[in-house]
Every structure is written in structure tokens, then in C-alpha cells.
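Since the structure comes first, as C-alpha cells, the remarks are kept for the end.
Bear in mind these aren't lab numbers, they're just calculated from the coordinates by the rules spelled out. These numbers come from a predicted model, not from an experiment. Every residue, glycine among them, receives a Cβ derived from its backbone with ideal geometry; neighbour counts consider all protein chains shown.
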């Protein structure tokens, strides 16, 4: 292990290795430098699913349930916790009684494709996260979210999460740090997804405490977005926790930083240290403040010169540090990025990654070079499946890539995101199939031509349907991504999206219709009046400014018909086997791609045989203290009070106050809960509680 570590933190997709750190490692090695890549996301997943940890979690739940049950009354916050823990105890009994772990089914080449067993494993994993959330109330966990129960993080919440040692991975981190604490000199943490925010900053605190001598840096696309949006004071709070953050692209900043690191380590004067690093591009850090005796606690924020990476100089990603068979899938897949940026870059709602910054134009690795790198990856890591992890491929580039793969007769299959273009004729779609493409995701967005024009999509509903059929009829699975509630969208226009999907469902492998979220920096956010938006504001708890809220003045707005639209979508969804990230039945996941390869483009159109999973159980139910105790408090009353509380709370918490900000935050939520009446113990038991009393599960 090198003295330089690059860490990918929990929680994110556990089914495949992420691309960013292997790309950085490869770039360093090409310049006679090196770093060890550590995927603590998958390592933490295995840790938390160990049998010993399952038992530990069960005992934690049982102990807390008994503590609450012994009280004479419960506050409202305790009532919410009590209800969650009661439900979680049943889940934990199921986990302790089965002889097969869900991760074993995900990794088994036969059981994975038995949809009955797969579905059981997925449901068990989701139940496990609910149980973990109950044990660590008021936090919620999953592979695509880690959040306070009100769904937001601000700096006080982050600090409380750390100071109270609330992370379920705390002991895991300590064990890992002990393994290398004597030798490490540099640690970089990649904050790529919003779901990694709390664990990333938790790790920063822990590393600062245990390894104060280490140079600690943060990078990643989510970190970039956060630092771009924060005010000066909040940026300083982040920079006081680490030595630096890397914005934009990280290859050259990391190389230059590691070159200067030995001199930085030998120098103790803050001013001299700053002089060593101030010229490194894309590097943000605090300048020393002479008024504070040379410390860097209150200095100005410094950002080095802009650097834009020439991706034609990108070496083949280096996955050699990662055990590719540890991921929760029956076969390997690798992510590969032959392009960066978006060649269209005009959609009014989008500021994904760096696309709207004007500093990261669309760039391509030459198709011949990309084919060669795919060949190298396939041979070196024994991989046949690839996801092209980029914003979008230009049409001519996608075809050149496929033709190169076919010419070299590479035994690989791949999937990616594409934009609807006239270029994709039936003949070209067949060429894409011959070149290994087996699935594609399209940003369809809407079934209304007026809304598509408002979005600056540069396409029409007629073209969407024509091009999609070309792909599907060529044997390529197609997934549609759309959303409702775009500003100025009316109810009939929202219905038109559903009707277009219904009319084309025989040519659609998967679809999702989400809800519009306003993205800071997008054209809509910068020119709100053009879209009927009258006000944009944030909630008090959204400390990282990730989720702006807006008000609009749209007659017959689709937002006024959410229940009817949800009903129509639910009816349409009956024809498919849907799931959520990162499982099979969700768009652009590893598991979904494997199912397409096995069952074809119609894999999720209710054609998978529905069967009951035959999962072996142990005969004797494990005894966990607290699990068999009769509940003293009425779960029915708690549920009724909860429904009533949240119906009122959402309206209160999301409405802007005199400060122009909505009060929703962890502190506000807990203060409102404190005003609710306590619940005295009683004898009104729910049916579920009565069943447990009789020993049923």
C-alpha cells in the first residue's frame, strides 16, 4: 500500500466499482506517481451485513425498544422512534432466521436470475436498511440516500452526527484506519453522490482526530457542486476541516499536489506551506492569516488557476486495487468514460456536472483509442460488460465506437445514455447492436411538444417514438426518462407524457416518470420569469444549497393534479417489473443490464416468471432481549398522530417565512415535535402487535 490513499466512501451503488478514482490512479502512474484506491463503500456494505453485525444491530434494537417500552409516556419524537423500532424487530428476526444472505443471491450466477429469489433478496436488503434506520433514529439509510428523517443536512447536523458518533460504520472506520495509520501521508476522499455527504464529513473528522499529520483533501462532482453554491462562511467551515478541496477535474491538480507533498510535509510554517501549493490548478484552500499568528483558521479563500483536462491524454483506468468480485453482482462490470461534457448542452433544466459552467466543453477520446482501452480493460480484468459512464455520446462517435468494437471482434456488451437524434436510422441502430450495444437510456422528458420546446430539447414527440422504435427493433433495450411538473406544464400536457408511454409500451423496456426539481445554475433558475416562476428559496436545513424550492403562477398547473397523475402512472406501471436504484428493474443499473442480457429487451415487461423463493430457515428462532415484550403503547394511536402531524408540518415547514427561507430543518422539526402531546401507555394494540404477542411473525 502506498502512503497515498484515495477513498470512495459509503453509501453508493454496491453492484459495481465507480470510475473516478481508478482514472486518477492511472493518471498518477502514467506520471511515475501512485496512490492506493480504497472502496470503503463496498467494504462497509460487507461489514454491515456480517452475521455478527446483524446480531449486534438486533440487540441494539431490542435494548432501545425495551427502554422506550418501560417509560410511562413517550414524547412525539420517541413515538416515531418506537413505531419504527417495533416494525424493525420483525425484520431483524427474518434476517436472523434465514440461512442465506441477500448478498449471496446477488453474487450467485444461478440464483441471481431466478426472479423469485432475486426479488426476495432485494426486499430483504430494503428491509435491512429500514431496520438500520430505526436503530440509528432519526437518520435514514440506503444505497442512494443517507439523511436525517426530514431529508436534509446542514452543518449543525453534520457536526452532531460526528460528535455523537452516530455513524453505523464508526467501528469499521477505526479498524481500517488502524491498518495503515503509521505509513499514510496523504488521503483524498471522493464525494461523488449526495448520499455520501454525511459519511464523507464524518470520515474527515475521524481522520483529523486519528491522523493529524496527514494531508487531507476532498474532491468529486458532488463536492464541486457544494463548494460552488456555498457562501463564504460555509466554504470556510469545510476548508477548516480539510487541507484543501479539488474543484472541476482532478487529474493534474492531484499530480502536482503529490509532487509538492514531501516539501509540504517537511515545512511547518503555514505561510511557506501555502506558497508551495498556491499555484496548483483547481485547488481551493485557506490562505494563512497573519492576524491569527500564522494559522490558517480565518484566512481568505484561495482558488488556483483553472485547469481543463485533455482527455485524449487519459490512460486506461486502473482498477487493480479493487477486488472486482466483491461487488453485489454475479459477474463483473466496469465503468468507462470515453467522453466528457454534453455536446447538446442546451436543456433549460440541466446543469449536470460541469456542463453549464462554460469551462468543460464536450470532449472525446478518439474512438480508436477508446476501443483499444476497452480491449485492455476486458482482457486485464476478465470483463465483458461495460457501462459508458458519461453525460452522452455524440451520434457519430457512438457509431464509430461500435464499428471499432465489431472490427476487433471484442467479446463485450455495453450500454449508455444517448440523445434522440435523426441520425439513428434502423441501419445504424443495427450497427450499434453488432458493435455490442444492448441497452440505452433516453431523456424523453415529456410527451408534449410545447414542453419539449420550452425545455430547449431540440426534438419532437414524433421523432422520439420513431428513433426509439429503431433501437428496440434492432434488439437494444430502451429506457425512457421523463418527469412531470415542469414549470408551465398543464395537466393535459402531463397526461400526454403518460399517454405517449402507453402508446409505445411495446417498444419500451423500462421507464421512469419523476418529478421536476429545480437545479441551481440551470437556465430555468437563472431566468425564472420566463418559466412562470415567481419565487425561488431554500429551506433552513438545506445547508449545502442542493434543493431550491420555487413558487409558480401557472393556470391549470399539473402540480394541482398529483393524485390523478400518480393514479394513472400506477396503472401504467402494472405492465412492468419495476424497482428502484440500484436493483434490477431500475434504469441504467448493472443488475438491469444483466437481466437484459439474459432475457432480452422485454426482460421487465412482466415476462419474468413469478415464483416464490424457497429460502432455507433455521428451526429455532434466536432469542433477542426485548423482542418478545408486549408493547405498552398503542401503535394505532401513534400512526394516527403521525399522519396528522406530517400533513400539517409539510405545509408549515416548506412555506417561506419573513426571512425568505422555509423553516424546514432538523432543529425545526424537533422543536415542532416537542410541542406535540406525550402518549401515555395503554392497552390498544394493533393487529401486528397482537400477532407478535402470540408468537407469530
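Kindly put 524, 311 in sequence by how many other C-beta atoms sit within 10 Å of each C-beta, fewest to most. Let's see the in-between values first.
Values: 524 26, 311 20.
The most exposed by this proxy come first: 311, 524.
In vacuo Debye scattering of the chain, one point per C-alpha: log10 I(q)/I(0) at q = 0.10 Å⁻¹? Debye output, listed in q order: -1.12. For the pair residue 175 and residue 574, a Förster radius of 60 Å applied to the C-beta separation gives a FRET efficiency near 0.80, rounded to the nearest 0.05.
Multiplying each eigenvalue of the alpha-carbon gyration tensor of the range 33-78 by 5 and taking the square root yields semi-axes of 38, 14, 6 Å, largest first, rounded to whole angstroms.
Quick one: 200, 534, 2, fewest Cβ neighbours within 10 Å first, how do they rank?
Details: 200 24, 534 11, 2 18.
Ascending Cβ contact count within 10 Å gives the list 534, 2, 200.
Separation of the range 271-285 from the range 480-498 is 48 Å, based on Cα centroids.
Over the residues of the chain, the helix contribution to mean residue ellipticity at 222 nm works out to -13000 deg cm²/dmol, using -39500 (n - 2.57) for each DSSP H run of at least 4.
A crude spin-label estimate for the pair residue 408 and residue 379, with each label 7 Å from Cα along the Cβ direction, gives 0.9 nm.
Cα centroid separation, the range 547-576 to the range 25-79: 35 Å. Put a dot 7 Å past each Cα toward the Cβ at residue 165 and residue 240; how far apart are the dots in nm? Label at residue 240, label at residue 165, 2.4 nm between them.
Which peptide among 374-384, 653-663, 74-84 comes first, and what is the full order, when sorted by highest mean count of other Cβ atoms within 10 Å? It would help to have the intermediate numbers written out before the result.
Details: 374-384: 16.5, 653-663: 13.7, 74-84: 20.7.
So the peptides 374-384, 653-663, 74-84, ranked by packing, come out 74-84, 374-384, 653-663.
Can you give the extra length, in nm with one decimal, that the chain gains between residue 87 and residue 1 once fully stretched, where that is 0.36 nm per residue apart less the Cα-Cα distance? Write down the numbers at each step before the final one.
Numbers: separation 86, 0.36 × 86 = 30.96 nm, distance 4.36 nm.
Fully extending the segment from residue 87 to residue 1 adds 26.6 nm.
Of all DSSP beta bridges in the chain, what percent run antiparallel (nearest 5)?
Of all bridge pairs located within the chain, approximately 30 percent are antiparallel.
Fewest-first ordering of 165, 456 by other beta carbons within 10 Å of each residue's beta carbon gives 165, 456. Using only Cα atoms, locate the centre of the range 357-402 and the centre of the range 108-175, then give the distance between them in Å, rounded to an integer. Result: 33 Å between the Cα centres. Restricting attention to the range 331-599, close to 25% of DSSP beta bridges with both partner residues there are antiparallel. On the basis of the beta-carbon distance and an R0 of 35 Å, residue 644 and residue 667 show a calculated FRET efficiency of 0.95.
In this simple spin-label approximation, residue 657 and residue 310 carry label points 7 Å from Cα along the Cα→Cβ vector, and these lie 5.5 nm apart. Note on the range 331-599: Cα-only Rg and Dmax are 19.2, 59 Å. Potential lengthening of the chain between residue 630 and residue 361 amounts to 90.6 nm, from the contour at 0.36 nm per residue minus the alpha-carbon distance.
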